[in-house]
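Following: one structure in structure tokens, then a few remarks.
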Ligand code: ARG
């Protein structure tokens, strides 16, 4: 059990959560500390005074052995032997379930992520939504929620008319069959470069034919869709990503009219230059466009229908949209429209916004076909991982397999390590560094732990009453903090907290590894250190697996 939780329960001060309890890197003053500065506002007293008063009411026990108030901090010393024994026993018994819980109690969380566009490249810009959403999906399941992964496919729009037109003019069946999404994309790019007014007209006509159910147009469309999905599936497999539903924008074709009717019945729909809109001026936003002047629906119309459908179908507790911050306004607008329609559950919709990913060599543009495909980033990472591993340990067996795990981990970790809202520049050298704050570093720490354990050979038995030294205790404290970290990550929709946690734990373990002998130690110290090693390995594995990253035995 995390003693921060224990402390918070005992303190019983409103608003103080385990996340408020600090873990000072130097245990001299205390193993845990509550900074009282935040409370000063609430209590209208100085932090020093608050710390002093809290100290006086806190009774020590067999878990918390000492409390002191220093400069506005309330410091706690804990029973180190007790915490160590409790945590290591718990990890040993829970194994890959350590950190999981049932706080979700089966409540449903829909997560809309990746949401690829049919016939368009799956580029580095889709990396974040895919791995962020994929990680949130795993985190929620780990916490006992019923997570529903939804790929809201971009499979609706005039671009498919263009594609059919381009295919009819320039395409060959065998070529497209063979080239898959790349061939389709080339056709699309060529259309944008070469189409004249007549072709633009034809494209509009083809789009109309798809809409009206024309067989040939729909067969072509379905074929393009299949080729796209076959392709993205290979990427999802590599990144450990799964979905429960692929209901995309087209799925809502026949579900939009009822929304439009409801909007009209509730007097929310206004005519503006022939188009139908919901006026959001009172809320400081531009109008939400529902129908164009030609009667066509829009992105927002389909999202309104989708949200209502999801509520009806899944009765979600929350519905998350993992989509880049460029779409902030779109989400604010349609969430507001649902609220105005009287859907009290509109408050349960969350736009999980994230920043842009670019490569060191600059920007990309989809239109002109100058775009970095995600598959190329992945292959390059695996290739580079091979070189890095080979250089470090050329004797290693199964180098290819290991490079695969390490390279894929680096792609995922590179996208997840930073606070999600930050724009990031993806650097191959950085994400594949053994020294930096990387998955490679964490995986290497696991390999080190594995090697210690396999050399020891002996069955590990945890000694009772062992008093950990400073380095050992830092590892213990970090281990104890894992379950709370998972809860925080879910609450803030921030897998980066788990990525950072893994690096922090690995750093603490490595410090311990360098300062303390393990295999050459004796008696209880040796047993304890082996148990600590095993628990660290397990916890690092659990953390990485919530990000979708594997751990090789050796490196
Ligand atoms: N396909 C869209 C895009 O690539 C993302 C869709 C996100 N989900 C949603 N329900 N709007 O921009």
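Taken together, the criteria exclude residue 128 from residues that are away from the ligand (no atom under 16 Å from the Cβ), within 30 Å of residue 419 (Cβ to Cβ) and assigned to a helix (DSSP H, G or I). Exactly one condition in (1) more than 16 Å from the ligand (Cβ to nearest atom); (2) assigned to a strand (DSSP E or B); (3) surrounded by 16 or more Cβ atoms within 10 Å (Cβ to Cβ) is false for residue 260; which is it? The number of the failed condition is (2).
Taking (1) under 30 Å from the mean Cα position of the chain (by Cα); (2) away from the ligand (no atom under 16 Å from the Cβ); (3) not in a loop (DSSP other than H, G, I, E, B) in turn, residue 179 satisfies each apart from (1).
Out of 295, 342, one residue alone is outside any helix (DSSP H, G or I) and more than 22 Å from residue 251 (Cα to Cα). It is 342.
Residues that are within 30 Å of residue 21 (Cβ to Cβ): list the helices (runs of 4 or more DSSP H) wholly contained in the stretch 416-520 that include at least 1 such residues. Result: 439-456, 470-480, 482-492, 496-515. Taken over the stretch 210-244, the criterion of being crowded, with 17+ Cβ neighbours inside 10 Å and touching a strand residue (DSSP E or B) at 6+ places or on another chain (Cβ under 6 Å) is satisfied by 243 alone.
Restricting the stretch 142-157 to residues that are within 15 Å of residue 493 (Cβ to Cβ) and touching a strand residue (DSSP E or B) at 6+ places or on another chain (Cβ under 7 Å), the residue that is farthest from the ligand (Cβ to nearest atom) is 145. With respect to residue 350, determine if the residue is crowded, with 16+ Cβ neighbours inside 10 Å and closer than 27 Å to residue 103 by Cα. Answer is yes for this residue.
The residue that is farthest from residue 494 (Cα to Cα), counting only those in the stretch 310-335 that are within 15 Å of the ligand (Cβ to nearest atom) and out of contact with any strand residue (DSSP E or B) (no Cβ under 7 Å at 6 or more places or on another chain), is 313. Quick check: is even one residue across the stretch 339-346 farther than 30 Å from residue 374 by Cα and within 13 Å of the ligand (Cβ to nearest atom)? No - not one qualifying residue is present in the stretch 339-346. Across the stretch 279-298, which residue is farthest from the ligand (Cβ to nearest atom) among those that are in contact with a helix residue (DSSP H, G or I) (Cβ under 7 Å, 6 or more places away or on another chain) and under 28 Å from residue 148 (Cα atoms)? Looking at residues that are in contact with a helix residue (DSSP H, G or I) (Cβ under 7 Å, 6 or more places away or on another chain) and under 28 Å from residue 148 (Cα atoms), I get 290.
Among residues of the stretch 307-329 that are on the phi > 0 side of the Ramachandran plot and surrounded by fewer than 19 Cβ atoms within 10 Å (Cβ to Cβ), none has a beta-carbon under 8 Å from a residue that is part of a loop (DSSP other than H, G, I, E, B) and modelled with pLDDT of 95 or more at least six positions away or on a different chain.
Just wondering, is there one or more residues in the stretch 108-123 that are surrounded by fewer than 23 Cβ atoms within 10 Å (Cβ to Cβ), away from the ligand (no atom under 16 Å from the Cβ), in contact (Cβ under 8 Å) with a residue 24 or more places away in the chain and within 30 Å of residue 3 (Cβ to Cβ)? Checking the stretch 108-123: not a single residue is surrounded by fewer than 23 Cβ atoms within 10 Å (Cβ to Cβ), away from the ligand (no atom under 16 Å from the Cβ), in contact (Cβ under 8 Å) with a residue 24 or more places away in the chain and within 30 Å of residue 3 (Cβ to Cβ). Only one entry of 160, 191 meets the criterion of being within 16 Å of the ligand (Cβ to nearest atom), assigned to a helix (DSSP H, G or I) and within 22 Å of residue 211 (Cα to Cα), and that entry is 160.
Inspection of the stretch 348-358 finds a residue satisfying the criterion of being modelled with pLDDT of 95 or more, farther than 21 Å from residue 417 by Cβ and outside any strand (DSSP E or B).
The values are calculated or read from the model by the stated rules, or taken from the named source; none is laboratory data. Keep in mind it's a predicted model, so treat the numbers as computed, not measured. We place every Cβ from the backbone using ideal geometry, glycine too, and count neighbours over all the protein chains shown.
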